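Everything on this sheet refers to the single structure shown next.
The values are calculated or read from the model by the stated rules, or taken from the named source; none is laboratory data. Everything quoted here is computed from the prediction, not taken from an experiment. For neighbour counting, all protein chains shown are included, and Cβ atoms are generated from backbone atoms with ideal geometry for every residue, glycine included. Note: areas computed on protein heavy atoms with side chains; ligands, DNA, RNA excluded. Shrake-Rupley method; radii C 1.70, N 1.55, O 1.52, S 1.80 Å.
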Amino acid sequence: TMDGTPPMGGGGGWFTYVRIPCDESLDVEELTAVALGYAGDALPNLVATRFASSTASSVPSSSESVSTTSHTDLVLAAAAEGRAETFALVHPSSANGNRGVYIYADEVGRLRNKPKNLRAAALAKLCGAALAGDFHGDVFVGAVVVSPTTTNVSFGLGQLDPGARWLKEAPGENAAYARAMRDFRTAVDAKQKNMSDAARFAIASDWQNGRLDVEKLSGNDVPSTTDTAMTCTDGLDTYFQSLADNKPVFVKKFENDPTRGNGLCLSRGVTKGETLWAEAPLVSAQTFENAKVTMACAWCHRSVGTIDAGLDLASGRVGSVFEAATQSMRQTDGVASGDGPNNAEDNLKKENETTVSTLPGFEVCSEIPAITPCRHRVSRGCATLYCGDECLVQHARKGHDVACCGSGGTAFGAEPSTSTSTENQPAERLAVAAAAAFRRDCGHHDNLVLVTEIVGHIADRLVCGDDWLDATKQFRGLVGGPWWEVSGEQNHEMQKKLRSVAARSAALLRASSVAACSAADAEIFYHGRDGSNADAGIRGRDDDDDVIGDTPAAAAARASYATTKEIPAVLDKLGLPGFAHLLGICDLNQWSLRVDGPMRNVTRALLRLDENEGPDATRQTLDVLLPIALEAQIKRDEEDEVAGKPRWGGEDDEDENSRDDDDETQIRVDSTSDAEDLYDTGRRLFPMFTGSGLFSLVCLTNHSCVPNAVTRYSSWRGRTMVRIEALRDLLEGEELLVSYVDEAETLSERTKALQSYGFVCQCAMCEKERSEGMGSSLTEEVD
């Protein structure tokens, strides 16, 4: 509310805050936002996106050393997505109604060469705040109350008036706060000085034994129960039997070898090269980084969009997947859904352009499906893409809306789309804020992304009528354990941190699911209101489609409502132990997904054309494609530099004869490159789809550094599938073994890579190398 009182319900209400530009010619601006749907301050994440949009200036070139400049570059690169630093102008206390006022500044504003913000410094001085240094760049000022719960409250332009009550009282409150802190430090020092060795040992033991209440420290509202929601084995024998139906394998329990758990053995003999089975993932997700450079369906992972837009994205000619998708939809339909019509100038320019898809070698690209955008592309700026309506609805059924917001966990647009009902806007804004908080905290970690998919999957199965055992059997059948115990981390503090991360992730998932459910309900109500159904918003997945229409967006809204409504109940049933067990399942079982995109087929087609008809047959295509490839090479080099990786291919003048086997594939392109060079470098220049997933059967196979089977992935043309292929003739009863690591690495490297799985490999090759004390690379090539 505008008077600074907390929003009703302890969060989720509107509040105002102000921006003080560093440019004194600009007026101070009052802004509006939505508080979090749970305890916390929404502004640090919210304003961080403003700082992310600021471009970094060149590094000062005074007397700084090269090492200092290099360190500055690294700091700027680390803060590229924006980071806000918080400074208290007034600390909350009983004297001010538990209301604090804070400045939110760019953490690296000075390193970005932003000007000093003199108005912000004057405000801090007026408050009597003890702040070291200056503010650089724009700053934001907002207010937070911490009782009865922590949440944002309104802070408007009028409260910057020198006569404002809080501003007059601020110097006295800050002086009292400083005295209280000095007294507190004095008391702590005295207590530590007089503390007995026994008392110190007791405190240390509490930390050692993990008796601190991590759930309370992390703000977790998911009950930390001790039930066995994910460790129950009821029904698994029947489930394992069903998995093996029509496949040449059966599930075997290695009860005398706990390091192996379950495994797969052959029910008949097979021959070398035979495909034993193929399966789609139970759950899967594109990696956070890959989603920035590759356009793929979020549900089936099939490549989508025009090849022209895909190449512009790979080469950096467009800055984001969102922009590339807009371009692709305009190329396909003439108008990007919800993005407005093209003008005559755009249409004329398009008519005069030659698209690469019409060139020799690109024929296969006609099979790439057009983009179906997320139904919230306009209203929330969600960059999620699909290959069709079916995948859009399926993804909604698995809980997509809990992370449905702008790329990187931000609200893309400040205002909802005009196509959204005015009555729906508050629910929509709250859903975006909750999804953004969830994405920013959890979206960068593969395990946290996958566990969200699992929870959505379980919720969907419960909505469809399964009981708990049936809804969870596919995951209970996989080896797991508490995340902090199976992660391979031996450090107690790191284990405690993982426990805290899990608790916070569950809390944010709950908050986002509640907000998403409310928004989906409002969406259904808005689309379904025809004058005869006043309660159209309260409905499940089985309601009459005629009520809200038969559009895919309406079906997705219904599916999302049903799943997100069930997610809090799933989290309650799991508790923190069950949620952590799911994270452990992800840690121990996830498989990397790597699927070549359409450019692999294009470069292969050009290579064959060159070999069969000569270089002239590919010249027209190379004249267009090589400049794009060179730009893509520069972009990949920049990405490698930020990641701290060595330059691809080494130095330009490197003696090719001195390169080892790994460097032979690190070829660089230049203006004279041919079709073979493009084929050899294509996987780097035009990134393939990468992600992670869990599979019903593949995840049951055990490891060996001398595998007798290998996993291969399907092409980009359809649903991502994995198939298992025999590497040699195998007999009935033999255990099927795959390699979890690169078996061509040294013994020490393989052992280190397997530590995260919690076992030491005892295969014949490892045992032989241990007995011989081998530590160098294998001398024999392993296929």
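Points worth noting:
- Dipole magnitude of region 672-762 about its Cα centre (Cβ charges: Lys, Arg +1; Asp, Glu -1), debye to nearest 20: 460 debye
- T151 contributes about 0 Å² of solvent-accessible surface, heavy atoms of the protein only, 1.4 Å probe.
- Nonlocal amide H pairs with K247, under 5 Å, H built at 1.01 Å: none
- What the phi angles of region 87-101 give under the Karplus curve with 6.51, -1.76 and 1.60, with θ = phi - 60°, is a coupling list of 10, 7, 7, 9, 7, x, 7, 5, 5, 10, x, 6, 10, x, 10 Hz, glycine and proline written as x.
- Solvent exposure ordering (accessible area, 1.4 Å, most first) of E641, E493, E363, E428: E641, E363, E493, E428
- Accessible area, probe 1.4 Å, largest first, for residues T32, T294: T32, T294
- Of K473/K496; K292/K398; K252/K645; K114/K645; K114/K635; K272/K768, those spanning more than 32 Å from alpha-carbon to alpha-carbon: K252/K645
- Cut-off under 5 Å, modelled amide H: who pairs with L385 long-range: A298
- As a rough guide to protection, the peptides 155-167, 134-146 ranked by mean Cβ packing within 10 Å, highest first, stand as 134-146, 155-167.
- Of the residues E390, E725, the one with the largest accessible area comes first in the ranking E390, E725, computed with a 1.4 Å probe on protein heavy atoms.
- Simple Cβ-charge dipole of region 570-652, Lys/Arg +1 and Asp/Glu -1, about Cα centre, in debye nearest 20: 480 debye
- V706 - accessible surface, heavy atoms, 1.4 Å probe, Å² rounded to 10: 80 Å²
- In range of the label at V706: residues from region 746-765 whose backbone nitrogen is under 12 Å from the point 7 Å along Cα→Cβ: 762-765
- Accessible area per residue was computed with a 1.4 Å probe on protein heavy atoms; E29 scores about 70 Å².
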